[in-house]
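The values are calculated or read from the model by the stated rules, or taken from the named source; none is laboratory data. In this text, all values refer to a predicted model and were calculated from it rather than measured experimentally. Because the Cβ atoms are built from the backbone with ideal geometry, glycine has one as well, and the counts that use them run over all protein chains shown. With ligands, DNA and RNA removed, areas are computed over all heavy atoms of the protein, side chains included. Shrake-Rupley method; radii C 1.70, N 1.55, O 1.52, S 1.80 Å.
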Amino acid sequence: MLTFATVGTSWITEKFIESAIHSKQFQFTGAYSRSEDKAKKLADKYQAEHYFTDLKELAKHPEIDVIYIASPNSVHFEHALFFLKNKKHVICEKPMFSNAAEMEKAYQTAEENGVFLFEAIRNIHAPNFKILRDKLPMAGTLRSAMLSYIQYSSRYDLFLNGEEPNIFTSKYSGGALVDLGVYPLFLAVGLFGEPTKVTYHPVLLRTGVDGSGTLVLEYDGFVCTILCSKVSHSELPCEIHGEKGTFLLQDPAPISEIKWLDSHTKESQIFSQEQEELDMVYECRDFADIIQSQNHEEHERLKNWSKIVVRITEEARKQNNIIFGTEK
């Protein structure tokens, strides 16, 4: 059983805590917040023994193996580096870091200190992703793919009223691509690998970040188009088109249904299975297995996917002069 503590008190932190407990491989031991009231409230809610308002105290605590970070995007690197140097395993919420340089430094620090670093991106750990990856050769030669995550954010209402929520500002490394677009992007990287060319067409907001956008990934012989938005909503499914047939995905995260359509027989088949409602449980189990078995090969695979994704998002931003506050 691995003990863990959290940095951040948002809804995603609670979902991770519930999923980690449900995995039966983690014990929730402590919560950190700059607000003592918030830290104590979260710790009490999930019966954690400790709460913290001092990061140094948390990092030095001998009873904690793993730190889950869900602080604002712009401070992920600072927090992760600090805990890695204190020999804590780190699970960092997506997007893990603002750019490739931060990621390289963090993974180097993890290796130097003999600990693991993970990006919390739930959809690539779920059973239906693994089913899709195994079944993908059925499509034959791939010719195109369209992956989308278009979901209106309630915080956009605040933005329209003149406020600047973290996810809609460059100061906090926000924007649609790094917040929602990474889900279909991780699918693309996990299924197809690294593209040969990246082109991004964003809809920019007054704060200099993208409210929505179209990301085009070029591969040898086919193109993958990714649509992402936090300022509109769509029920558009994801599709992967091959010469032998098409895969239809109801959603990119979680992948709730995988439907196969045969181009020649016109027959259809459902390959997906029912998944846990707390779908972050799958990443929790994978991370725990890697730590406990010291599975460096699997960690390396996940690390490489994260590196490819951050290279793509950084290139996409640079093409459109989207500069984060940490980069100025």
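Remarks
- Short to long, the 5 Å bins of the Cα pair-distance histogram for the stretch 153-298 hold 2, 8, 14, 15, 16, 16, 14, 9, 4, 1, 0 percent of all pairs.
- Listed residues Gly30, Gln47, Ile67: farthest to the positive end of the dipole of the stretch 1-93 (Cβ charges): Ile67
- In sequence order, the stretch 204-216 has phi-based couplings of 8, 9, 4, 8, x, 10, 8, x, 7, x, 10, 10, 10 Hz under the Karplus curve 6.51 cos²θ - 1.76 cosθ + 1.60, θ = phi - 60°, and Gly or Pro positions carry x.
- Accessible area per residue for the stretch 125-267, computed on protein heavy atoms with a 1.4 Å probe, is 42 Å².
- For the stretch 9-43 versus the stretch 287-303, the gap between their alpha-carbon centres in whole angstrom: 23 Å
- Spin-label proximity, Lys244 to the stretch 131-155 - amide N less than 18 Å from point 7 Å beyond Cα toward beta carbon: 131-145
- Relative packing of peptides 193-199, 25-31 - highest average C-beta neighbours within 10 Å first: 25-31, 193-199
- Rg/Rg_ref, the stretch 48-109, where Rg_ref = 2.2 N^0.38 Å and atoms are Cα: 1.10
- Relative contact order of the chain, defined on C-alpha pairs under 8 angstrom at six or more residues apart (%): 19 percent
- Alpha carbon centroid spacing (whole Å) that separates the stretch 104-144 from the stretch 176-205: 14 Å
- Over all distinct Cα-Cα pairs of the stretch 92-226, the Kirkwood formula returns a hydrodynamic radius of 16.8 Å.
- Over the stretch 109-231, relative contact order from alpha-carbon pairs under 8 Å, at least 6 apart, %: 30 percent
- Protection proxy ranking for 173-179, 149-155, 251-257, using the average of other Cβ atoms within 10 Å per residue and placing the highest first: 173-179, 251-257, 149-155.
- Ligands, DNA and RNA excluded, the heavy atoms of Ile270 present near 90 Å² of accessible surface to a 1.4 Å solvent probe.
- Heavy-atom accessible surface of the stretch 1-87, averaged per residue, reaches 50 Å², computed with a 1.4 Å probe.
- Restricting the GluC sites (Glu not before Pro) of the stretch 190-255 to loop positions (DSSP other than H, G, I, E, B) with no more than 14 neighbouring Cβ atoms within 10 Å leaves Glu235, Glu243.
- For Rg and Dmax of the Cα atoms in Å, calculated from these coordinates, the label among (1) 23.4, 72; (2) 20.4, 69; (3) 19.8, 63: (3)
- For the stretch 224-230, backbone phi angles converted through the Karplus equation (6.51, -1.76, 1.60; θ = phi - 60°) give residue-by-residue couplings of 10, 10, 10, 10, 9, 7, 10 Hz, Gly and Pro being listed as x.
- Amide proton proximity set for Arg143, modelled H, under 5 Å, gap of 5+: His241, Gly242, Glu243
- Database remark: amide H of Thr6 closer than 5 angstrom to the amide H of Gly30, Ala31, Tyr32, Tyr68 (H placed geometrically; neighbours at sequence offset of 5 or more, or on other chains; Pro and chain starts carry no H).
- Sparsely packed GluC sites (Glu not before Pro) within the stretch 30-133, loop by DSSP, other Cβ within 10 Å at most 16: Glu49, Glu63
- The calculated 222 nm mean residue ellipticity attributable to helices in the chain amounts to -11000 deg cm²/dmol, summing -39500 (n - 2.57) over DSSP H runs of n ≥ 4 and dividing by all residues.
- Entries in Lys259/Lys307; Lys15/Lys135; Lys56/Lys328; Lys24/Lys244 that, when Cα-Cα distance is taken, lie over 32 Å: Lys24/Lys244
- Note on the chain: with neighbouring protein chains present and a 1.4 Å probe, carbon and sulfur make up 47 percent of its accessible heavy-atom surface.
- Candidates per trypsin sites (Lys or Arg not before Pro) in the stretch 45-113, loop by DSSP, up to 14 other Cβ within 10 Å: Lys87
- Relative contact order [Cα under 8 Å, 6+ residues apart], the stretch 29-85, whole percent: 29 percent
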